[in-house]
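Here's the structure we're looking at; comments come further down.
The values are calculated or read from the model by the stated rules, or taken from the named source; none is laboratory data. Every value quoted in this text rests on a predicted model; they were computed, and no experiment measured them. Virtual Cβ from ideal backbone geometry, glycine too; neighbours counted across all protein chains shown.
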Amino acid sequence: MLRTRRLAAIVAVAALAACRRDPLPEVQRGDRDSTAGRRIFERKCANCHNVNGDGNTITARKFPYANLIDGKWRSDGSFEAIERQVRVGHDPMPKFEGKLTDEEIRQVAAYVVALSRAAEARSAAARAPTPP
């Protein structure tokens, strides 16, 4: 009898919690992709592009497009172009199709775009005149 009451109380509390009026906070898909992409980038890409994306590594510093935060792209720097670059590669960058899933490739591209935009924002803030 005590077990039945305890079980009923647990079910009632769970039901009340499920009926809450305030929605749970939502995380933007892009934020989740970028966060997941960062982990993949650190494992698969940072050896050449460096953890901060500046491309200043022994392996890649001689290649002009290894720097992902200077605003200079082999292509137009769009999400689609970056995703294609990761997928099919372009000498000297290897292709990652078959090494990463489609979702992982999209996540890495989202992170690279976020990394590049953050660097652009820092650069713009540094160029902005300071008030007297």
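Miscellaneous remarks
- When segment 28-69 is filtered for residues that are part of a helix (DSSP H, G or I) and either modelled with pLDDT under 90 or of a type in the set (V, I, T) (or both), the ones remaining, listed by number, are R29, G30, D31, R32, D33, S34, T35, I40.
- Residues of segment 57-83 that are more than 16 Å from the chain's Cα centre (by Cα), buried (at least 17 other Cβ atoms within 10 Å of the Cβ) and of a type outside the set (S, T, N, Q): A60, Y65, A66.
- Any pair with Cβ under 7 angstrom, 6 or more apart, that starts in segment 31-60 at a residue that is farther than 16 Å from E83 by Cα and ends at one that is in a helix (DSSP H, G or I) and polar (S, T, N, Q): T57/N47; T59/N47
- Scanning segment 60-87 for residues that are touching a Phe, Trp or Tyr at 6+ places or on another chain (Cβ under 6 Å) and closer than 19 Å to A119 by Cα turns up just one, R74.
- Number of the condition not met by Q107 [criteria: (1) in contact (Cβ under 8 Å) with a residue 12 or more places away in the chain; (2) over 17 Å from S34 (Cα atoms)]: (2)
- Selection count where residues are touching an Asp or Glu at 6+ places or on another chain (Cβ under 9 Å) and either assigned to a loop (DSSP other than H, G, I, E, B) or among the small types (G, A, S) (or both), scope segment 91-112: 3
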